[in-house]
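Here is the structure we will look at, set down as structure tokens.
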Amino acid sequence: MTARLYGIPNCDKVRAARAWLAERGQPVDFVDFKKTPPTQALLERWLSRIETADLINRSGTTWRGLDESATAAAATRAGAVALMIG
């Protein structure tokens, strides 16, 4: 079975995950969010299983570059989805 990994290629954690999977011979279908942004349906499906705080990287440069209204809107599920769709 091929795993599907979503992320940004230059993210340290994504690189580590890809390396870990490769070391174990696990085939990976990598989906680059920069080239293929997540759909609302996909984000909603993820958010039915995990918390918004687990999905948004609040320590990255993108988050730090957002204005206060955008970060405040991300406190709600709808605002977080809108932010991630971009």
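The values are calculated or read from the model by the stated rules, or taken from the named source; none is laboratory data. Predicted, not measured: the structure shown is a model, and the values here were computed from it. Positions of Cβ are backbone-derived with ideal geometry, glycine not excepted, and every protein chain shown enters the neighbour counts. Surface areas here come from the heavy atoms of the whole protein model, side chains and all, with no ligands, DNA or RNA. Shrake-Rupley method; radii C 1.70, N 1.55, O 1.52, S 1.80 Å.
Tell me which GluC sites (Glu not before Pro) from the chain have a DSSP coil assignment and no more than 14 other beta carbons within 10 Å of their own. All intermediate terms of the calculation are to be shown ahead of the outcome.
On the way: sites: E23, E44, E51, E68; in loops: E51.
For GluC sites (Glu not before Pro) across the chain that sit outside H, G, I, E and B with at most 14 neighbouring Cβ atoms in 10 Å, the list reads E51.
Hey, what's the chain come to in accessible area per residue, 1.4 Å probe, Å²? Mind dumping the intermediate values first?
Numbers: 6190 Å² over 86 residues.
Dividing the accessible area of the chain by its residue count gives 72 Å².
If you plug each phi of the stretch 21-33 into the Karplus form 6.51 cos²θ - 1.76 cosθ + 1.60 with θ = phi - 60°, what whole-Hz ³J(HN,Hα) values come out, in order, with x for Gly and Pro?
5, 5, 4, 9, x, 7, x, 10, 9, 8, 10, 7, 4
Using a simple charge model, +1 on the beta-carbon of Lys and Arg, -1 on the beta-carbon of Asp and Glu, nothing else, what dipole does the chain show about its Cα centre, in debye to the nearest 20?
Values: 12 positive and 9 negative charges, 44 e Å.
Roughly 220 debye for the chain.
For Y6, what residues show an amide H to amide H distance below 5 Å, using hydrogens built from the backbone and excluding near sequence neighbours?
V31
Taking all protein chains as present, what is the carbon and sulfur share of the accessible area of the chain, in % to the nearest whole number, probe 1.4 Å?
Details: 3330 of 6190 Å².
Result for the chain: 54 percent of the exposed heavy-atom area is carbon or sulfur.
List the trypsin sites (Lys or Arg not before Pro) within the stretch 10-71 that DSSP assigns to loop and that have no more than 13 neighbouring Cβ atoms inside 10 Å.
Details: sites: K13, R15, R18, R24, K34, K35, R45, R49, R58, R64; in loops: R24, K34, K35, R49, R58.
Of the trypsin sites (Lys or Arg not before Pro), the ones in loops of the stretch 10-71 whose Cβ has at most 13 other Cβ atoms within 10 Å are R24, K34, K35, R49, R58.
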